[in-house]
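In what follows, a single structure is set out as C-alpha cells and then discussed.
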Amino acid sequence: MPTKKLPSRTSLEQLKHQAKDLLKGKTAGDLATLQRIREFHPRFAGINDQKVVAAKFALSDAQLTIAREYGFPNWPKMKARVEGPGTPNDDRPHHERIQDPVFRHAVDLIDAGEAEELRSYLKQHPGLVHQRVSFDGGNYFRNPSLLEFVAENPIRRGRLPANIVEIAKILLDAGAKTDKSALDSALGLVSSGRVPREAGTQVPLIDLLCEYGADPNGPMQSALAHGEFAAAEALIRHGAVLSLSAAAAMGGLDEAKRELPSANAEERHRALALAVQFGHVEIVRLLLDAGEDPNRYNPVGAHSHSTPLHQAAWHGHGAVVELLLERGARKDIRDILFQGTPADWASHAGREELAAYLGSAEEGLPSRDS
C-alpha cells in the first residue's frame, strides 16, 4: 500500500500514541492492523494473520511499523524529521532534493537528454554510476542510482527525452551494467511506469535493460498491478514466466486453469486480487472455487490497503461484485488508508448504481453490464 504522509502538524507524542494503538490492535487481532504490520514490519512479511497474532510484538516493533508506514527506515529517522527544522514532509520532486551537486547535475543531463555532455561528464566522474542517493517518505525509490532516474517513476517532470534509450545505454556502458540491483530496479520502474509508456519508450527500455542482464521475472507483478500489459508482454518475450497471477491479470482462463494446481498460497492470493481488478469474472470464480477467501486484504503490491470487493467496486466490475457477494464478501470492511467501504469506493468513482447496490445488496444488480 502507499506510504502515508506525516501530518503537517504532528508531534512525537502523537506518533507514540499511534504506536500504542497499533500494539492494541495487534493484540485484539484487528485485520487491518495485522495487514499493516505484515506490510511494513520486515519480520512479518508474508506471514498469515494467525502467526502475526501469535508472534511476540513489542512497542519498539510497533514504532518501527509506524515509521515505515510513513516512509522512514526506522523510528529514529522519523523522530529526527519530526523534531528537526522545516516541515515534516519534503514534497519537492526527487531531483530537487538531491544534495550532492555532482549527482544532481548528472540527473539534470539525463532529464534533458544531453547525451554527449552526459558521456563526457561520466568520464570525468567515473564512480558516479555506482553512487546512490537516499530519499525518505516513500515506499520505493528510496536509494536510487543514476540508472533508475531514466524511468521517470516516481513522476518528477512528467516527461522523458526522446533519446532516453540512448541515455540509458550511456549509463550502462559507463559501468551501471555491473550493478545488478540497479538494473533490476530500473526495469521494475520502467515496466510499471506510466510516463515511459506514454513516451513510447517503455518497451525499448525493457528490451535494452533485459539485453544487459536485468531479470524479466522481477517486474511482472508490479507491471500487471498497474495495468501495464504491453510491458508484461515484453517481459514474457524476454523469458518471464506466465504464472497464475499473470494469467489472472491478462484474462487467460485456460492458462489459469493450467497453473492453478501448482500455484502456492501467495500466488493464488495475488491471482484473485488481479483477476478482480481487471474484471475477469470466470477466473475469479475459478479461484473462489479453489478456496480463495474474498474477505482477505489484497497482497502487498496489489493494492493491499483494500479487499477484492473494494477493487471490483472502484473499477465498476458489476458481475465480479455480484459474484463476490454471492461467495460471502463482506460489505462492511473498510480500507486501511481512507476508511471507506466498497460502497464508498464505488460512489467516489462515480458508480452510483453500484454504490446503491453495495449499500443494500438485497436485490440483484441492474441487468446492464457495468
Identify, by number, the condition in (1) of a type in the set (A, V, I, L, M); (2) under 28 Å from F40 (Cα atoms); (3) surrounded by 21 or more Cβ atoms within 10 Å (Cβ to Cβ) that V300 doesn't meet. (3)
Based on this model, can you work out whether V195 counts as among the β-branched types (V, I, T) and farther than 29 Å from L286 by Cα? yes
Given V129, V133, V195, which one is surrounded by 20 or more Cβ atoms within 10 Å (Cβ to Cβ), over 24 Å from A232 (Cα atoms) and touching a Gly at 6+ places or on another chain (Cβ under 8 Å)? V129
Answer yes or no as to whether S134 is over 14 Å from P93 (Cβ atoms), at pLDDT 95 or above and not assigned by TED's automatic domain parsing to the domain that holds H305. no
Tally the residues that are surrounded by 17 or more Cβ atoms within 10 Å (Cβ to Cβ), at pLDDT below 95 and closer than 26 Å to A80 by Cα, restricting the search to region 41-55. 1
Some residue of region 168-177 being of a type in the set (D, E) and in a helix (DSSP H, G or I): yes
Count - residues of region 220-242 that are part of a loop (DSSP other than H, G, I, E, B), modelled with pLDDT of 95 or more and not hydrophobic (A, V, I, L, M, F, W, C): 3
Where in region 56-113 are there helices (runs of 4 or more DSSP H), lying wholly inside it, with at least 1 residues that are exposed (fewer than 14 other Cβ atoms within 10 Å of the Cβ) and of a type in the set (S, T, N, Q)? 59-69
Working only within region 202-219, note down all residues that are without any contact (Cβ under 8 Å) to a residue 40 or more places away in the chain, buried (at least 24 other Cβ atoms within 10 Å of the Cβ) and assigned to a helix (DSSP H, G or I). Q202, I206
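The values are calculated or read from the model by the stated rules, or taken from the named source; none is laboratory data. Given the structure is predicted, the values throughout are model-derived calculations rather than measurements. Quick reminder, even Gly has a Cβ in these numbers, built from the backbone with ideal geometry, and neighbours come from all protein chains shown.
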